[in-house]
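Working notes for the structure below.
The values are calculated or read from the model by the stated rules, or taken from the named source; none is laboratory data. Please read these numbers as outputs of a predicted model, since none were measured by experiment. Virtual Cβ from ideal backbone geometry, glycine too; neighbours counted across all protein chains shown.
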Amino acid sequence: MPIIDVRCPQCQTSISAADVNISDLLAKCSNCDVVFTIDRPTTISSVATTVSEMAPSRPSGITEEEGPMGERTIRLRWFHAALFGLLFFCIAWDGFLVFWYSIALFGMGKQGQFQWIAVLFPIAHVAVGVSLTYYVLTGFLNSTWITIDSESLRIRHAPLPWRGNRQLTKDEIREIELDFGSLQPKNGGPTMTVSVHHTDGRQIVLLSGLEIQKAEYLAWQMAHILQVPLNRKNQSAMGIPQIPAFLQRFLPRK
């Protein structure tokens, strides 16, 4: 972690933190009473570097362990409280479909064309039920394992199959990027996306739909262990995503 050493331009005495006004970028030398300004570009750059290297605290829902070869394995659970509501919805939805098909196939006798209409009509509903049920099952059972060492990054979703498994070497990663995702996540706040800029110019999404604290922690760990830059995009001072331009026209003007 770099240390900012402010020295008096007249007597070269090191200035203590109590004699520095960070907001006004002014400092006073206790040795010769000279008041001088601190160079803005140098100071701000150093502070930004220091903040970026401070490890964020590990949020709940994330566990980690060190491997025998020094690699770090981080486990991120998918479970969240909203899954219980979706579970009851799936039970009602799938139960209705089972009831419908039991009547269509076995309760109508030989109805000819009408029977086939009854069988084919809810196909789209079946697709929705299967997809939503699978999503709920992965939410209860799945976790994401992120294995990082100084030379590689691996992301695996298990035990149920899910898209997005990745395996990258350090030479393929130009930087880790942290960006805001949606405005309506499952936990009621903004979500974030962690991605990498590949050396061939592609941007590859690693993880999406993450709470801010989890995204910050995971992105920092990746960048820190791999020793690559961490680029934070579209983050305002309050940590709230920017309002899209097409929505700004509907906001009241001052």
From the list L160, L207, L168, L153, which one is at pLDDT 90 or above, within 25 Å of T63 (Cβ to Cβ) and surrounded by fewer than 16 Cβ atoms within 10 Å (Cβ to Cβ)? L160
Please find, among I103, I146, the residue that is closer than 30 Å to D200 by Cβ and of a type in the set (V, I, T). I146
Just checking, which of I91, I62 is more than 14 Å from A219 (Cα to Cα), of a type in the set (V, I, T) and either exposed (fewer than 11 other Cβ atoms within 10 Å of the Cβ) or at pLDDT 90 or above (or both)? I91
Please identify the pairs in which a residue from the range 80-105 that is touching a residue at least 60 places away in the same chain (Cβ under 8 Å) has its Cβ atom under 8 Å from the Cβ atom of a residue that is assigned to a helix (DSSP H, G or I) and surrounded by 14 or more Cβ atoms within 10 Å (Cβ to Cβ), counting only partners at least 6 apart or on another chain. H80/G139
Looking only at the range 108-117, how many residues end up being assigned to a helix (DSSP H, G or I), at pLDDT below 75 and within 20 Å of F96 (Cα to Cα)? 3
Between a residue in the range 25-38 that is at negative phi and surrounded by 13 or more Cβ atoms within 10 Å (Cβ to Cβ) and any residue that is of a type in the set (K, R) and part of a strand (DSSP E or B), which pairs come within a Cβ distance under 9 Å, given they are 6 or more apart or on different chains? C29/R7; V34/K28; F36/K28
Take E71 and decide whether it is under 21 Å from V228 (Cα atoms), surrounded by fewer than 16 Cβ atoms within 10 Å (Cβ to Cβ), in contact with a Ser or Thr (Cβ under 8 Å, 6 or more places away or on another chain) and in contact (Cβ under 8 Å) with a residue 12 or more places away in the chain. no
Pull up the range 210-254, narrow it to residues that are among the small types (G, A, S) and at pLDDT 90 or above, then point me to the one that is farthest from G164 (Cα to Cα). A223
